[in-house]
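One structure is given here, and the rest of the page talks about it.
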């Protein structure tokens, strides 16, 4: 049976891939363009990357994004892993409904999550700042971590833990010496994904960020709306490369073993 | 007055039950296992044998109302697996994929905080005992081993701890036939050599008959019969046991008359058989009788020895099984009866019977197994 | 150190429910407080009259919902639904062949998959900006078209419905490809061989075996595109300008310039209800399929 795709299929696929990647490649290439206004190529230059260092708003945004990202990742990875462990190891009534509700944040539009949290903070009288951003990001990233870790747990042989207990290891030792080594790639992949989601998020963050706590995406958005200059290309390229690296790492981890 | 330690059973189940939701996987099961015994739990899938093993291991808890599990005379219902004096070999081996063979085997020893040099020594001995060269296999990872090798590592990991009881959950299931037969003999030899009590779960009745000192045949959560292989095979007590172990021909009838140590059984389908006396048989009771194919013989009309039951019929089919021949005889009103004869070599000494011929089946009256209500 | 641990473990092992509770509680609590409760409050807001500064006053009113009968807002709803459906259809038409090709691509499979996963996870903002960079009046497309002598004046590509549609498809295409790929990959090749032996030619094999068996993936992909498209905000905002408003933009507007939180909450809730309705239909249909097996 001939399995090679037909010419028509290959053409469509090639076109789609070009469509998906060309804009970004173009974006990256022009970040090195030695010209402020023209889309003509004026020569290779790193000046827009140097410009990034001068822009305190970008640097501050990067700093905020990293702080928020690390905090949100840490919290959502821990809580998400615990949730996944609880779900996979115990059968209880209403488990399926619970899992469904757990996935609700994944299908809820960011705009809805964003404004509902804004309202909550207004009602509670909490002033917006880095803390509110972290809280929002954890609420959103938690479900992602659960999905990834659950998938990893499902592939794990449950008899391994039983074998360890019969060899004399109590619950905590078993968790430490058998469960965690098995689970580790999944937890790490979940953490990486949570970080990427947090780092890249704009919509939700725009509602819950305070005046002094603009994350990098918020700064970039402002630049896109107001003054377009090639330094946007430069910062976009950096964001893309960082994301691509982390995604590649996460893919390798999920495939490991 | 307590029995001397020698004779006290190492495992006792006293009225143990285990339910999963509405289903009773283990239903009021009681038995005892003696020191050094090779004890098998045998039955079809879903009969509760694996659940029983897991209750013994502490991986499941009996129902609140459901009885007591005792090890060395001590009740251990609430004790976790790591506090019980037993080891287990799992069906799919459960080797730790992130640890080498040597570290897998050493795992339990490391838990006991034994000195490093001693651990190494004991690991080497355990691997040698299962015939794996420690220098070759010690550093390998589980995914580099074949199924048979993994199984040996799982065995070494369990044996190295020198626990008095070893549990095995269908360990030979995934291994091909030749190797399986070798391993059966090896396991039996280890049992005798080390004096460890083996509790073995299997659905393969031939395996259980080969290796066990005693077998508990389980059906739907209960023990149908507990006994030596000979008892189970030759004196099955219920229709289930008679059908699950080996093959049986079944006859239903009503007990009619009694004389001289024998009962006359009027078959429902017509005709009569004689059955030996059995305590509890009373007149007019309806019973079921089992007779194994290999206890039956084919005869010509004029050559039936006395003291045997006879049935007349026509040979419907002859099935070639290598070592034996199964002759299917159709008896009017009763149905098909299977007679098993030894194959003397069809090419050199062919059977004297052919398809379509009429023949007489006969068997000794004492070979009738009277079955209890299951 | 050891004795308290033994004690704690012993206590926990007696109470499997406490174990489950300890694991599930922290995460669930966070989601209840910071996800479920805010949405409920938002629902409450949508039923209260607008206050002086855009917040709410005490009271009960349905005016924010009835406001949607106004043709201006109906238009926005209609546009949102139409564009989301169109986007889903286009993504399906483009995405299915791509998924099919990836499954058949042999040793290139991992690379091709990675090249689809990358855009999936890359910042939506950055990707949308890439579109702007190409489509604006001083953008690359206009520049090249002018250089090729095909146009005299720059084409207005940006801030048109066309731009928003392209942006939506660009954003959501990977969401369609991945689930379809997943279900095609699970397809047992033996089934196709059996069909071939039974006399089915390639087109028939696709129509009668591959397509029906890949339906779960198709449905999942359509939901994964349609639902976010309904609630999408960035694309219409950056690529559509003020004239091409989707519901998402309407909501954002109420929380910034227009200062009408209850109305924005109502619009939000309408989006949520649409989505939940779709999901419950999907899950019920799935449940029926499972029961029939």
_Projected-area average for region B:152-286 over all orientations - Cα convex hull basis, square nanometres_ = 11.4
*Using Cα centres only, tell me the gap between region C:242-293 and region C:169-205 in whole Å.*
32
*Can you list the residues of region B:325-361 with backbone N under 13 Å from a point 7 Å past the Cα of residue B:252, pointing along Cα to Cβ?*
B:334-335
*Just the number, please: Stokes-Einstein D of region B:147-208 in µm²/s, Kirkwood Rh from C-alpha pairs, 4 °C, 1.567 mPa s.*
107
*Nearest 5 is fine: what % of DSSP beta bridges in the protein assembly as shown come out antiparallel, could you say?*
75
*Could you rank the peptides B:334-344, C:276-286 by their average count of other C-beta atoms within 10 Å per residue, with the highest value first?*
B:334-344, C:276-286
*What FRET efficiency, computed as 1/(1 + (r/R0)^6) with R0 = 51 Å and r the Cβ-Cβ distance, is obtained for residue A:176 and residue C:62, rounded to the nearest 0.05?*
0.35
*Would you mind calculating the relative contact order of region C:131-206 from Cα pairs under 8 angstrom and at least 6 residues apart, reporting the percent as a whole number?*
18
*To the nearest whole number, what is the average tally of beta carbon atoms from other chains within 10 Å of the beta carbons of peptide C:213-221?*
0
*Reciprocal mean inverse distance between Cα atoms of region C:216-293 - Kirkwood radius, Å*: 14.2
*Please compute P(r) over all alpha-carbon pairs of region A:1-134, binned at 5 Å starting from zero, and give each bin as a whole-number percent.*
2, 7, 8, 9, 11, 11, 12, 13, 12, 9, 4, 2, 1, 0
*Using Cα pairs under 8 angstrom and six or more residues apart, how large is the relative contact order of chain B, in percent?*
15
*R0 = 51 Å: FRET efficiency of residue C:8 with residue B:32, Cβ-based, nearest 0.05?*
0.90
_Suppose we take every Cα in region B:260-305 and form the convex hull; what volume per residue is that in Å³?_
125
*asked:* For region A:55-255, what does the relative contact order come out to in percent, with C-alpha contacts under 8 Å and a separation of six or more?
replied: 37
*Cβ neighbours within 10 Å from other chains - mean over B:78-84*: 6
*Of all the C-alpha pairs in region C:68-292, what % are more than 24 Å from each other?*
56
*asked:* For the pair residue C:282/residue B:349, report the inter-label distance in nm, with labels modelled 7 Å from Cα in the Cβ direction.
replied: 7.5
*Pairwise centroid distance, computed over Cα atoms, of region A:197-257 with region B:216-256, Å*: 72
*Provide, as a two-decimal number, the C-alpha radius of gyration of region B:247-371 over 2.2 N^0.38 Å, N being how many residues it has.*
1.10
*Averaged over every viewing direction, what's the projected area of the C-alpha convex hull for region A:156-229? Give it in nm², one decimal, please.*
7.9
*Taking the Cα centre of each part, how many Å lie between region B:263-296 and region A:104-151?*
77
*Take every residue in peptide C:260-273, count the Cβ atoms of other chains within 10 Å of its Cβ, and give the average of those counts.*
3
*Computed Rg/Rh of chain B, alpha carbon atoms with Kirkwood Rh*: 1.06
*Pairwise label distance in nanometres, residue A:151 with residue C:25, each label 7 Å out on the Cα-Cβ vector*: 3.1
*Two-site FRET efficiency, residue C:188 against residue C:33, from Cβ-Cβ distance with R₀ of 41 Å, rounded to 0.05*: 0.35
*So in chain B, what percent of DSSP beta bridges are antiparallel if you round to the nearest 5?*
75
*asked:* Given the DSSP H assignment, sum -39500 (n - 2.57) over each helix run of at least 4 residues in chain B and divide by its residue total; what's the result at 222 nm in deg cm²/dmol, nearest 500?
replied: -7000 deg cm²/dmol
*Grab the DSSP H runs of chain C that are 4 residues or longer, score each as -39,500 (n - 2.57), total them, divide by all residues and round the 222 nm result to the nearest 500 deg cm²/dmol.*
-22500 deg cm²/dmol
*Once Rh for region A:59-162 is found with the Kirkwood sum over Cα pairs, what is the Stokes-Einstein diffusion coefficient at 20 °C and 1.002 mPa s, in µm²/s?*
139
*Run the quick spin-label model on residue B:114 and residue C:144: label points 7 Å from Cα toward the beta carbon, then report their separation in nm to one decimal.*
7.2
*Based on Cα positions only, what radius of gyration and what Dmax would you give for region A:55-255, in angstroms?*
19.4, 66
*Compactness index (Cα Rg / 2.2 N^0.38 Å), region C:120-188*: 1.49
*Cα-Cα P(r), the protein assembly as shown, percent of pairs per 10 Å interval*: 2, 9, 15, 16, 15, 14, 11, 8, 5, 3, 1, 0, 0
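Since every read-out is calculated from the coordinates, none of them should be taken as a lab result. Values in this document were obtained by computation on a predicted structure and should not be read as measured data. With ideal geometry, Cβ positions are generated from the backbone for all residues, glycine too; neighbour counts draw on all protein chains shown.
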